[in-house]
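One structure is given below, encoded as structure tokens.
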Amino acid sequence: MNETTATLRWEGGVDGHLMLLDQTRLPLDVVEVPCRTVEEAWDAIKRLVVRGAPAIGVAAAYGVCLSIKNGEAAVYDVVEACRYLATSRPTAVNLFWALSRMRRVAEAPTATSGPALAEALLAEARAIHDEDREMCAAMGRHGADLVADLPEGVGILTHCNAGALATGGDGSGLSPVFELARRGKRPRVWVDETRPLLQGARLTAWELMQRGIDCTLICDSMAAHVMRAGKVQAIFVGADRIAANGDAANKIGTYGVAVLAEAHGIPLYVVAPTSTIDMTLATGAEIPIEERAAEEVTEGFGRRTAPAGVRVYNPAFDVTPYRLIKAIITERGVFKPK
Ligand code: MRU
């Protein structure tokens, strides 16, 4: 991605602003939108202008910097911005992880309101962004190593978007795919469209095509058929929160993919940075699952496809039990949940 198609970037110094690639408008329009206030950053996270667990964390960190006024940061405003941004979305733990790092800067014993705190906050947000880039690259290498024995043209299925659009770097779930392509393995990617918001169709297919990677879009309901036909040798997905026992929350539909993978003897790998692991939760049953508006199901993208007034249940995530996960790939290496 070049400068204007970066998922997110900070423009200027401490009084600068956050620029986001508007993911609600992809793949039709490739446009950036500025966020100049904490409220605008909150709204962008809530509306999925920026989405994907690591990207939300990085955006929130820069969002805290939007509380800086005239080159100065006030401890009270920073703590308040952290509290407020934490209410934008509940499931991806990277959001809370990044916000607690920002808050620690403001609450350090030596910290006082003023220009030095403003500089320290921006430096911390940039560090979170830079570290995310490095983590993505490392996950890509570990994931590609894991399937290095598979033949050229290996079939890989993915769900939702866990690529560069979902992170501050090259992706989590898709980073091994990019690494395999760099190693000349010519992966063939099966892209679940990912109902109801079509992150697979709108974002993953776009991203893979931009990079010249072989990809085929399927409706979510076609995955079983494709697996049974022997076209998929491995599945790579991201995660929004991983509990201590290895249960992993990811985009709704991932659990179904995992059940299918087991039925067909295909390994499913969860790829996520350690910032996605929440050791405070013993199992996935404790992970808060976001529920989103009924209209996303009944009239997504502006056209009604269900009767007016129908009752709708729209959980945005589900939890895949650890026993269905072949391995969890992090920047620190590969773990097998027990
Ligand atoms: O609702 P979204 O689009 O934010 O959901 C994103 C996902 O579920 C991704 O798979 C997950 O965040 C991992 S991305 C690196």
All strands (runs of 3 or more DSSP E) inside segment 242-338 with 2 or more residues being among the aliphatic types (A, V, I, L, M): 248-251, 268-271, 327-330
Return yes when Cys136 is of a type outside the set (Phe, Trp, Tyr), more than 30 Å from Ala229 (Cβ to Cβ) and within 16 Å of the ligand (Cβ to nearest atom) and no when it is not. yes
Hey, does segment 278-287 have a residue that's over 30 Å from Met135 (Cβ atoms) and of a type in the set (D, E, K, R)? no
If you go through segment 187-204 one residue at a time, how many are within 16 Å of the ligand (Cβ to nearest atom) and assigned to a loop (DSSP other than H, G, I, E, B)? 6
In segment 109-129, what residues are under 20 Å from Trp10 (Cα atoms) and touching a residue at least 12 places away in the same chain (Cβ under 8 Å)? Pro115, Leu117, Ala118, Glu119, Ala120, Leu121, Leu122, Glu124, Ala125, Arg126, Ile128, His129
Against the definition (more than 30 Å from Asp247 (Cα to Cα), open to solvent by 40 Å² or more (accessible area, probe 1.4 Å) and among the polar types (S, T, N, Q)), how does Thr110 come out, yes or no? yes
Considering residues of segment 5-35 that are of a type in the set (S, T, N, Q) and modelled with pLDDT of 95 or more only, the residue farthest from the chain's Cα centre (by Cα): Thr24
With respect to the numbered conditions (1) under 13 Å from the mean Cα position of the chain (by Cα); (2) surrounded by 22 or more Cβ atoms within 10 Å (Cβ to Cβ), which one is the sole condition not fulfilled by Leu48? (2)
Report, by residue number, each residue of segment 208-237 that is part of a loop (DSSP other than H, G, I, E, B) and of a type in the set (Gly, Ala, Ser). Gly212, Ala229, Gly230
Would it be correct to say that Pro267 is away from the ligand (no atom under 14 Å from the Cβ), of a type outside the set (A, V, I, L, M) and under 16 Å from Ile329 (Cα atoms)? yes
Checked against (1) open to solvent by 10 Å² or more (accessible area, probe 1.4 Å); (2) in contact (Cβ under 8 Å) with a residue 12 or more places away in the chain; (3) away from the ligand (no atom under 11 Å from the Cβ), Ala73 satisfies every condition except (1)
Output the residues belonging to segment 205-243 that are within 16 Å of the ligand (Cβ to nearest atom), open to solvent by less than 20 Å² (accessible area, probe 1.4 Å) and in contact with a Gly (Cβ under 6 Å, 6 or more places away or on another chain). Glu207, Phe236, Val237, Gly238, Ala243
Candidates Ala116, Ala125, Ala164 - the one that is open to solvent by less than 10 Å² (accessible area, probe 1.4 Å), away from the ligand (no atom under 12 Å from the Cβ) and modelled with pLDDT of 95 or more: Ala125
Scanning segment 276-286 residue by residue, those open to solvent by 10 Å² or more (accessible area, probe 1.4 Å) and either within 14 Å of the ligand (Cβ to nearest atom) or under 25 Å from Arg332 (Cβ atoms) (or both) turn out to be Ile277, Asp278, Met279, Thr280, Leu281, Ala282, Thr283, Glu286
Candidate set: segment 294-338, residues that are out of contact with any Lys or Arg (no Cβ under 7 Å at 6 or more places or on another chain) and of a type in the set (Gly, Ala, Ser); chosen: the one nearest to Leu281 (Cα to Cα): Gly333
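The values are calculated or read from the model by the stated rules, or taken from the named source; none is laboratory data. Here the structure is a predicted model, which means the values were calculated and not measured. Using ideal geometry, Cβ is built from the backbone for each residue, glycine included, and neighbour counts are taken over all protein chains shown. Quick note on the areas: whole protein, heavy atoms, side chains included, nothing else; ligands and nucleic acids left out. Shrake-Rupley method; radii C 1.70, N 1.55, O 1.52, S 1.80 Å.
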